[in-house]
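The values are calculated or read from the model by the stated rules, or taken from the named source; none is laboratory data. On a predicted model such as this, the values are computed, not experimentally measured, just so you know. Because the Cβ atoms are built from the backbone with ideal geometry, glycine has one as well, and the counts that use them run over all protein chains shown. Just so you know, the surface numbers come from the protein's heavy atoms only, side chains and all, with ligands and any DNA or RNA stripped out. Shrake-Rupley method; radii C 1.70, N 1.55, O 1.52, S 1.80 Å.
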Amino acid sequence: MIGHRLANLAILGLAAAICYGMQTSKPHYADLTGPIPVRGGMGDDVKARLFQLRVDKVEFAKILAVSEFGKDRTLTTGGIWAIVTVELAATNSTTTVSEATWQGPTGLGYRETERLAMVSGLPPFTVEPGLPARGRFVFEVPPSEISGATLLVSNERAFALDSQARITLDGLRLKPDGTPEMVADIYDMDEPIQ
Amino acid sequence: MFASMRSRVRAWITIGAGTVAAILAANLLGAFGALPEPEIPVFAAGQEIETGQWRVTPLRAFVTDQRIYDAPIREGQKALVLEVEMTNRTAASTTDYFTLFKHGLPVGEESETPFVMLTRDPSMTPELHPAMKERVAFVWALPESATSPGEIPFSVNTKTYKPIDNLYGVPGWYNEQELGRLVIPVSEASG
């Protein structure tokens, strides 16, 4: 009688332990539907589901010069401006690439700046298949977040079950302390993209 | 054996329900009213405040009828401006600061949500990036008739980080509550 009861209790405990284990080890919804990474380096053609992206160069500047509505403006920042020039192509239908994040070596995410309102050559980029286009992503980053950074590019800000290009920024020319070798005083956003 | 088990369970439930009922009744009758309320901290200008998502230092506050930092204040309105320095403590760029400060003035609903302007160059609703300190102005529209009492109490609010929310299982900041009060002199001047 006692042995029977102990066996029942053991089975109950085991069932509870299995249920708890399954609950804690279950992947979260956000992980299941999160971005599907497509990795590459600078200069590689990185193929996401709807677009293809190549990072050509990364430049740094202390001040951005823009003309908006015919007025000249200069924009300063608490860190430095990072300007990423990319070549984009659509895979098989017209698509819009609008979201980019500069991810620092420790995982801090710096979204592309929204302070430049009416400047051409900035996202969102609409690209057609067979007609590659060039564009710039502009970020404000602290100097300490440059060495070992990754560029994350996707079609939209919020998405599920879609790919995200993750480009390791491995071709930057940096000083030994991790800050860029070349920081321009002024970067003119009105110059054509090269 | 099972009969004695059942009567024991029934006794436990009765005792538990009785205790809960007694505590509820005592609460209704005001037995806990004598407990001291937790004191709300009071912050001053120039003091660094840590509010979960932000590290913020209030600098100055003023009321002006001039156009300030290009905030879209209409004619016939005044602007209540609170200038702060703030740093994003989270790992991602965000604009989640509209309820960080609430002023305690008895004016209409339209002035409850502030315009948030970057003072560096007047961009509205600037995204603040991780670990980058920025000077920001919170601008509330006030009716022209509003008088400045010399000192305006602001409540400073904070949110709690949840690694997994109950709906989508994503991390985020929820459950806003008051962290403390900011008492700052408000000058009647154009900045």
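Some points to look at:
- Count - residues of the range A:81-110 that are touching a helix residue (DSSP H, G or I) at 6+ places or on another chain (Cβ under 9 Å), in a strand (DSSP E or B) and open to solvent by 20 Å² or more (accessible area, probe 1.4 Å): 1
- All strands (runs of 3 or more DSSP E) inside the range A:111-194 with 1 or more residues being within 12 Å of A:Ala82 (Cα to Cα): A:133-141, A:150-154, A:184-188
- Residue count, the range A:27-55 (criterion: free of Cβ contacts under 8 Å to residues at least 60 places away in the same chain and among the acidic types (Asp, Glu)): 2
- Output for the range A:128-182, where each listed residue is open to solvent by 30 Å² or more (accessible area, probe 1.4 Å) and basic (Lys, Arg): A:Arg134, A:Arg157, A:Arg166, A:Arg173, A:Lys175
- Cβ pairs under 9 Å, 6+ apart, first in the range B:113-135 and at positive phi, second open to solvent by 10 Å² or more (accessible area, probe 1.4 Å) and part of a strand (DSSP E or B): B:Thr125/B:Phe115; B:Ala131/B:Thr87
- The residue of the range B:114-145 that is farthest from the other protein chains (Cβ to nearest Cβ), among those that are open to solvent by 70 Å² or more (accessible area, probe 1.4 Å) and touching a strand residue (DSSP E or B) at 6+ places or on another chain (Cβ under 8 Å), is B:Glu144.
- Unique match (being of a type outside the set (A, V, I, L, M) and farther than 25 Å from B:Pro130 by Cβ) among A:Gly130, A:Gly109: A:Gly130
- Single condition B:Thr160 does not satisfy, out of (1) within 14 Å of another protein chain (Cβ to nearest Cβ); (2) open to solvent by less than 70 Å² (accessible area, probe 1.4 Å); (3) within 20 Å of the chain's Cα centre (by Cα): (1)
- Residues in the range A:9-44 that are within 14 Å of chain B (Cβ to nearest Cβ) and either in contact with a Ser or Thr (Cβ under 7 Å, 6 or more places away or on another chain) or not in a helix (DSSP H, G or I) (or both): A:Lys26, A:Pro27, A:His28, A:Thr33, A:Gly34, A:Pro35.
- Residue under evaluation A:Arg73, criteria (1) more than 17 Å from the chain's Cα centre (by Cα); (2) assigned to a strand (DSSP E or B); (3) in contact (Cβ under 8 Å) with a residue 24 or more places away in the chain, criterion not met: (3)
- A single entry from B:Arg60, B:Arg6 fulfils the requirement of being open to solvent by 50 Å² or more (accessible area, probe 1.4 Å) and in contact (Cβ under 8 Å) with a residue 40 or more places away in the chain: B:Arg60.
- All positions within the range B:64-84 that are open to solvent by less than 10 Å² (accessible area, probe 1.4 Å) and out of contact with any helix residue (DSSP H, G or I) (no Cβ under 9 Å at 6 or more places or on another chain): B:Thr64, B:Ala71, B:Ala79, B:Val81, B:Leu82, B:Glu83, B:Val84
- Residue satisfying condition, being modelled with pLDDT of 95 or more and not acidic (Asp, Glu), within set A:Ala30, A:Ala61, A:Ala117, A:Ala65: A:Ala61
- When the range A:76-97 is filtered for residues that are within 19 Å of the chain's Cα centre (by Cα) and either more than 14 Å from every other protein chain (Cβ to nearest Cβ) or more than 22 Å from A:Asp170 (Cβ to Cβ) (or both), the ones remaining, listed by number, are A:Ile83, A:Val84, A:Thr85, A:Val86, A:Glu87, A:Leu88, A:Ala89, A:Ala90, A:Thr95, A:Thr96, A:Val97.
- A:Ala61 vs. criteria small (Gly, Ala, Ser) and either touching a residue at least 40 places away in the same chain (Cβ under 8 Å) or surrounded by 19 or more Cβ atoms within 10 Å (Cβ to Cβ) (or both): yes
- Listed by position, the strands (runs of 3 or more DSSP E) contained in the range B:121-191 that have at least 3 residues being touching a helix residue (DSSP H, G or I) at 6+ places or on another chain (Cβ under 7 Å) are B:134-143.
- Qualifying residues in the range B:165-182 (those that are modelled with pLDDT under 90 and open to solvent by less than 70 Å² (accessible area, probe 1.4 Å)) - the one farthest from A:Ala160 (Cα to Cα): B:Asp165
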